[in-house]
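Heads up, the thing below is written out as structure tokens.
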Amino acid sequence: MLNINTFKSKKKVYGKVFWGAISNELLFTLLPIAIIFIIRLATDSVGTEVWLWPDWSFASIILVGSALTRFIQIKSADPLDGQDILAIGSRLIIFVLVLSVVTLSLSVLKGSGLNVQNSFVTASQKIVFCISVLLVFWAHYLSGKSWFTEIDNNTDYYRWALRNADYASQRVTYLIKITETCANHNKRNKKGLVRNIDEDRHFKQLEKKLEIVSEQANYLVERLEELKHNKQSQSDVRLL
């Protein structure tokens, strides 16, 4: 079992999230802007409004796209509530992506001589870029957020355990339903749902998987009984 020293290492996890966002996305995205800035500085063509450069919006598009990809990967792998959050979160990130594209268009049109207010383009690029950076950190935070960083006491444990047990029960229930469907089909038609397969081999594979699930469930029950017994023993010692 995990001890308290393991839970104290959560700060290290969040540190990895922070430096991971900087090293994986921000550093490589901002590097071209830094190079362009150095070149313009060397040629004395920086100008007075650095935030009018379309490079900021272009960087925002890259960062938002990276955050969207990471977010979809994380929530697609979450069997509990990932699908509900995936739909809402993806739409919000795409909305920011559209804003980044619009801001890039305005910045390019401004550079082409179109009458667009400098203050509007500058403010838009600052806002969109800041949001894109926050989205990158948020996506990395979600990738490091798990039971490891959230379980601090028995209440948190049982919350996570019950959610996962409920999900496991739903999947077993679904397996029972499709098994009953296949059995009813075989009974009516006297033939398998899928033909020309090595049924014995597939049956043995499924049987082995179910044996593993049964062994894991039995081990979990025994482990919980042991933890409960240890807790009761500790309570008795305190009373003495």
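The values are calculated or read from the model by the stated rules, or taken from the named source; none is laboratory data. Everything numeric in this text was worked out from a predicted model, so none of it was measured. Here the Cβ is made from the backbone with ideal geometry for all residues, glycine too, and neighbour counts use every protein chain on show. The protein model used for the area step is the full one, side chains on, heavy atoms only, and it has no ligands, DNA or RNA in it. Shrake-Rupley method; radii C 1.70, N 1.55, O 1.52, S 1.80 Å.
The residue 167 and residue 108 beta-carbon pair, evaluated with R₀ = 51 Å, returns a calculated FRET efficiency of approximately 0.60.
Karplus-based coupling profile of segment 118-123, in residue order and whole Hz: 4, 4, 5, 5, 4, 5, with θ = phi - 60° in 6.51 cos²θ - 1.76 cosθ + 1.60 and x standing for Gly or Pro. Counting 0.36 nm for each residue step from residue 98 to residue 36 and taking away their Cα separation leaves a gain of 19.9 nm. Ranking 212, 61 from most to least accessible surface, computed with a 1.4 Å probe over the protein chains only, gives 212, 61.
With N the number of residues in segment 96-135, Rg(Cα) / (2.2 N^0.38 Å) evaluates to 1.14.
For residue 221, the solvent-accessible surface with a 1.4 Å probe is about 90 Å², rounded to the nearest 10. For segment 23-29, 3J(HN,Hα) computed residue by residue from phi via the Karplus equation (6.51, -1.76, 1.60; θ = phi - 60°) reads 6, 7, 10, 5, 4, 6, 6 Hz, glycine and proline entered as x.
Modelled spin-label separation between residue 126 and residue 182, with each label point placed 7 Å from Cα along the Cα-to-Cβ direction: 6.3 nm.
Taking all protein chains as they are arranged and a probe of 1.4 Å, the heavy atoms of residue 46 leave approximately 30 Å² accessible to solvent. Accessible area ranking (1.4 Å probe, heavy atoms, ligands and nucleic acids excluded), largest first, for 229, 202: 229, 202. Taking Cβ atoms as reference points and 11 Å as the exclusive limit, the residues near residue 125 contribute a net charge of 0, counting Lys and Arg as +1 and Asp and Glu as -1. Stretched out straight at 0.36 nm per residue, the stretch from residue 200 to residue 155 would grow longer than its current Cα-Cα span by 11.7 nm.
One decimal place: the segment residue 46-residue 141 gains 30.6 nm when fully extended, by the rule 0.36 nm per residue minus the C-alpha distance.
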